[in-house]
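The values are calculated or read from the model by the stated rules, or taken from the named source; none is laboratory data. Note that this is a predicted model, so its numbers are computed, not measured. Neighbour counts run over all protein chains shown; Cβ positions are idealised from the backbone, glycine included.
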Amino acid sequence: MFTSSTPTNINTSRFAPSPTGYLHIGHAYSAIFAYNKAKQNNGRFILRIEDIDLERSKPEYKQAIFEDLKWLGLSWEHPVREQSKHFQQYKKALDALYKKGVLYPCFCTRKKIRDEQSASASAPHGPEGLLYPRTCRHISKEQRDHNTDNGMPFAVRLDVEKAINLVSGNLKWIEESKGEMTATPAILGDVILARKDVPASYHLSVVVDDHIQGITHVTRGEDLLYATNLHRLLQELLGLHVPKYDHHKLLLDEEGKRFAKRNQSVTIKSLREEQKKSPEDIYEEIGLNPLT
């Protein structure tokens, strides 16, 4: 379906931030971790801008990403892939999933979903919270057509049970710190893969991009380990390359909480410009420095 830009026998890692705020010290760890993965294997390091959220993504945040990473001593290949310029490729993947019969439109509002979940005494939970109760999975094709013809907003959901039944054998991936893992995508339920006006969610766009860019090693925080269960299913459905994965530890603040973009005191921009920190100060604080 898609052609990879790089042979998958060349070690390639990536750092893929969203320009919805300034990078913080946790991002510095993640970026250097991915950079070192490439350097250790005499491979390629790629920077990707994940800006499918057009409303929250801002040019100033994108520019700050480039400045912050350069200041940290990192270099990357050009041109930089920006997801907002490749919506047609995500739509192509979405159309392929439609043809396989594993997608359906969901017209439920957030309030309706919450109400149905609250009314259930045994609403199932997943890693992202309560699972969607599959309300729109059961409406008729006529009702779906009526709703879409009348301009009702909708999300596109994956029928995870049907998708699992469509693929053959157990879904596996290699987690470098743990060995072979077996995917259990049903734990996420019928996730959203797109919306009426945006042809991709994070889950869909990331597997398409990783394939197209020839990513062989996906490095990201351990908070996203659960997502790999779904990503393996999407890779199998779309015939995409399966990279190795390495989910690293998360840096925590003094209260044991994850660093957040809204906490300006720990943004790389603030540490550099206001607190007059050096790159070496950051390396020492995160316990990691870029390989040369």
*Does any residue of the stretch 12-32 turn out to be more than 21 Å from GLU285 (Cα to Cα), aromatic (Phe, Trp, Tyr), surrounded by 14 or more Cβ atoms within 10 Å (Cβ to Cβ) and not assigned by TED's automatic domain parsing to the domain that holds ALA194?*
no
*Look through the stretch 180-221, keep the residues that are in contact with a helix residue (DSSP H, G or I) (Cβ under 9 Å, 6 or more places away or on another chain) and of a type in the set (Asp, Glu), and return whichever of them is farthest from HIS248 (Cα to Cα).*
ASP190
*Count of the stretch 250-272 residues which are assigned to a helix (DSSP H, G or I) and small (Gly, Ala, Ser)*: 2
*Selection count, the stretch 39-75, where residues are in contact with a Leu (Cβ under 9 Å, 6 or more places away or on another chain) and either in contact (Cβ under 8 Å) with a residue 40 or more places away in the chain or assigned by TED's automatic domain parsing to the domain that holds TYR245 (or both)*: 8
*What are the residues in the stretch 127-175 that are exposed (fewer than 14 other Cβ atoms within 10 Å of the Cβ), among the polar types (S, T, N, Q) and over 30 Å from LYS244 (Cα atoms), if any?*
SER140, GLN143, ASN150
*Among GLU77, GLU67, GLU116, which is the only one that is among the charged types (D, E, K, R) and touching a Ser or Thr at 6+ places or on another chain (Cβ under 7 Å)?*
GLU116
*Of HIS241, HIS203, which residue is within 23 Å of GLN88 (Cβ to Cβ) and surrounded by fewer than 18 Cβ atoms within 10 Å (Cβ to Cβ)?*
HIS241
*Answer yes if at least one residue in the stretch 46-61 is farther than 22 Å from VAL207 by Cα and buried (at least 19 other Cβ atoms within 10 Å of the Cβ), and no otherwise.*
yes
*Quick one: GLU77 ticks every box in (1) under 20 Å from PRO279 (Cα atoms); (2) assigned to a loop (DSSP other than H, G, I, E, B); (3) of a type outside the set (Val, Ile, Thr) except a single one, so which number is it?*
(1)
_If I ask for residues that are part of a loop (DSSP other than H, G, I, E, B) and in contact (Cβ under 8 Å) with a residue 24 or more places away in the chain, which ones from the stretch 124-138 would you list?_
PRO124, PRO127, GLU128, LEU131, TYR132, ARG134
_Could you list, ordered by first residue, the pairs with Cβ atoms under 6 Å in which the first is in the stretch 187-199 and closer than 18 Å to ILE113 by Cα and in contact (Cβ under 8 Å) with a residue 40 or more places away in the chain and the second is buried (at least 20 other Cβ atoms within 10 Å of the Cβ) and basic (Lys, Arg), at least 6 apart or interchain?_
ASP190/ARG157; ILE192/ARG157
_Looking only at the stretch 280-292, how many residues end up being buried (at least 19 other Cβ atoms within 10 Å of the Cβ) and either assigned by TED's automatic domain parsing to the domain that holds HIS203 or not in a loop (DSSP other than H, G, I, E, B) (or both)?_
1
*Could you identify the single residue in GLU60, GLU67, GLU50 that is of a type in the set (Asp, Glu) and under 21 Å from LEU250 (Cα atoms)?*
GLU50
*When the stretch 222-256 is examined, which residues are found to be in contact with a helix residue (DSSP H, G or I) (Cβ under 8 Å, 6 or more places away or on another chain) and without any contact (Cβ under 8 Å) to a residue 24 or more places away in the chain?*
ASP253
